[in-house]
There are 2 protein chains.
Amino acid sequence: MQYYAAPLEKLIEQFQRLPGIGRKSAQRLAFHVLSLPEDGAEEFARAILDARGSIHTCRVCQNLTEGELCPICADPRRDRSTICVVTDPKDLIAIERTREYHGLYHVLHGVISPLNDVGPEQLKIKELLQRVAEGDVQEVIMATNPDTEGETTALYLTRLLKPFQVKVTRLAYGVPVGGHLEFSDEVTLTRALEGRREI
Amino acid sequence: MQYYAAPLEKLIEQFQRLPGIGRKSAQRLAFHVLSLPEDGAEEFARAILDARGSIHTCRVCQNLTEGELCPICADPRRDRSTICVVTDPKDLIAIERTREYHGLYHVLHGVISPLNDVGPEQLKIKELLQRVAEGDVQEVIMATNPDTEGETTALYLTRLLKPFQVKVTRLAYGVPVGGHLEFSDEVTLTRALEGRREI
């Protein structure tokens with residue numbers, strides 16, 4: 001038996017398809033939508049269509065953007081000799097927030113993950129090699145996550161980039177700022193010791 | 001500085017306005033929408049507009065429905081002499097799921113809550129009194145939540161219903177089926193003892 005009116009049930013189902021949203025949360029969200037003013041619901045629906053319709057990947061770095069080039073690739077002040085390779089646009093944002101990096105990016109849109117059936121051909125690797133082959137690039141920074149899949153991807157890319165004779169670097173490992181040594185795992189501490197610097 | 005392209009940022013903001021969704025979840029949901037096929041995004045947007053546009057309250061019981069009357073009020077097999085008063089449509093669904101109640105409902109759409117600035121005039125109380133005044137009703141079951149606000153609302157309604165000389169009942173209190181006595185609070189256990197029955 002169906003308990004909710006059909007359009008409400010349909011909206012609940014739509015919310016339920018979103019990642020991390022179960023039946024109860026979907027109900028709560030759907031009821032919230034019903035309680036919105038008419039133009040609030042329209043604004044929400046329009047935001048979905050606009051985002052889905054106008055956002056695509058930057059022709060150069062594969063970041064998400066409205067234009068043909070993303071604002072970073074289009075910015076003449078960015079240093080074109082460095083490319084920072086990230087897994088997805090959220091990681092790009094995380095690095096941008098530091099305000100310390102002034103080069104360009106390359107978004108892979110994933111990592112090599114045999115368990116999830118993701119191979120190199122599904123990532124934006126061809127596009128990266130092409131950029132490096134064009135010649136202006138001097139350094140490629142691997143900023144994939146410091147986990148197994150991120151490491152594998154970084155190593156794989158490093159091997160592919162070897163023939164181009166560019167410098168390939170990796171983000172430093174170490175103890176996180178504000179963290180506690182006693183809670184750091186052995187691997188991180190080992191890496192922090194290995195990477196120690198004179199002060 | 002804005003890091004995301006404007007339409008994406010707008011979609012994130014829209015998700016962030018939903019109850020229980022913070023910035024990080026909103027980002028995750030927005031990225032999911034971007035990864036939907038074009039017609040998936042359209043379906044989602046349409047579900048929002050359809051639900052908001054076509055769902056309104058039943059003329060009689062104030063439940064959410066597409067038609068003028070909700071399916072329960074329109075069903076000739078339901079017992080018209082009993083009205084079960086619930087706080088919101090979700091509670092109605094919870095009772096329907098038991099398949100044990102065959103009367104009608106009345107949805108208050110809230111409870112009296114001075115702390116949240118909700119007074120009796122904001123609830124569908126007038127509509128309830130009118131239904132009872134029309135004369136066919138013999139019993140009104142108070143199925144508001146067993147918390148302070150639910151109790152207050154039930155007591156308030158009971159007083160208002162007194163002049164109509166209908167039977168007013170309250171859901172039984174007791175230990176929940178499948179629960180553990182050791183984890184039951186004293187008030188619930190006291191109520192369970194008071195309401196004990198011969199077996």
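Given a 10 angstrom Cα cut-off, can you work out which residue in B:16, B:165, B:138 is the most mobile in a GNM of chain B?
Greatest mean-square fluctuation among the candidates belongs to B:16.
In the structure shown, do any of A:167/B:10; A:10/B:167; A:162/B:24; A:24/A:126; A:90/A:126; A:24/B:24 have a Cα-Cα gap over 31 Å, and if so which?
A:167/B:10; A:10/B:167; A:162/B:24; A:24/A:126, as the Cα separations exceed 31 Å there.
Could you work out the local net charge near residue A:123, counting Lys and Arg as +1, Asp and Glu as -1, over the other residues with Cβ closer than 13 Å to its Cβ?
Residues near residue A:123 contribute -3 overall.
Would you mind giving the total buried accessible surface between chains A and B, with a 1.4 Å probe and ligands, DNA and RNA left out, rounded to the nearest 100 Å²?
Summing both chains' loss of accessible area gives about 4700 Å².
What Kirkwood radius, in Å to one decimal, follows from the Cα pairs of the protein assembly as shown?
26.0
Hey, any idea what % of region A:77-153's accessible area is carbon plus sulfur with a 1.4 Å probe?
The value for region A:77-153 is 48 percent carbon and sulfur by accessible area.
Distances in nm, one decimal, shortest first, from residue A:192 to the same residue in every other copy, taking the label point 7 angstrom along Cα→Cβ.
Listed shortest first, these distances are 5.0 nm.
Accessible area per residue of the protein assembly as shown at 1.4 Å probe, in Å²?
59
Out of B:63, B:145, B:116, any idea which swings most in a Gaussian network model of chain B, alpha carbons joined below 10 Å?
Ranking B:63, B:145, B:116 by mean-square fluctuation puts B:116 first.
Just to be sure I understand: with springs between alpha-carbon atoms less than 10 Å apart, which residue in B:59, B:80, B:97 has the highest mean-square fluctuation in the Gaussian network model of chain B?
Highest fluctuation among the options: B:97.
What is the residue of chain A with the smallest Cβ distance to the axis taking A onto B, and what is that distance in whole Å?
Whole-Å result, nearest residue of chain A to the axis: A:45, 2.
When DSSP assigns beta bridges and you keep just the ones with both residues in the protein assembly as shown, what percent turn out antiparallel, to the nearest 5?
Among the beta bridges of the protein assembly as shown, antiparallel pairing accounts for roughly 20 percent.
Please return the longest range in chain A lying between exposed loop sites, taking GluC sites (Glu not before Pro), DSSP loop only, at most 12 other beta-carbon atoms within 10 Å, and leaving the sites out.
Longest stretch, sites excluded: A:1-67.
By the gyration tensor of its Cα atoms, with a ≥ b ≥ c the square roots of the eigenvalues, what is the shape of region B:53-186: rounded for a/c under 1.5, prolate for a/b over b/c, or oblate?
rounded
If Lys and Arg each add +1 and Asp and Glu each add -1, what is the summed charge of the other residues whose beta carbon sits under 14 Å from the beta carbon of residue A:155?
0
Would you calculate the separation in nanometres between label points at residue A:122 and residue B:77, each defined as 7 Å from the Cα along the Cα-to-beta-carbon direction?
4.8
The values are calculated or read from the model by the stated rules, or taken from the named source; none is laboratory data. All figures in this text were calculated on a predicted structure; none of them were measured in a lab. We place every Cβ from the backbone using ideal geometry, glycine too, and count neighbours over all the protein chains shown. Ligands, DNA and RNA are excluded from the accessible area calculation, which covers all protein heavy atoms including side chains. Shrake-Rupley method; radii C 1.70, N 1.55, O 1.52, S 1.80 Å.
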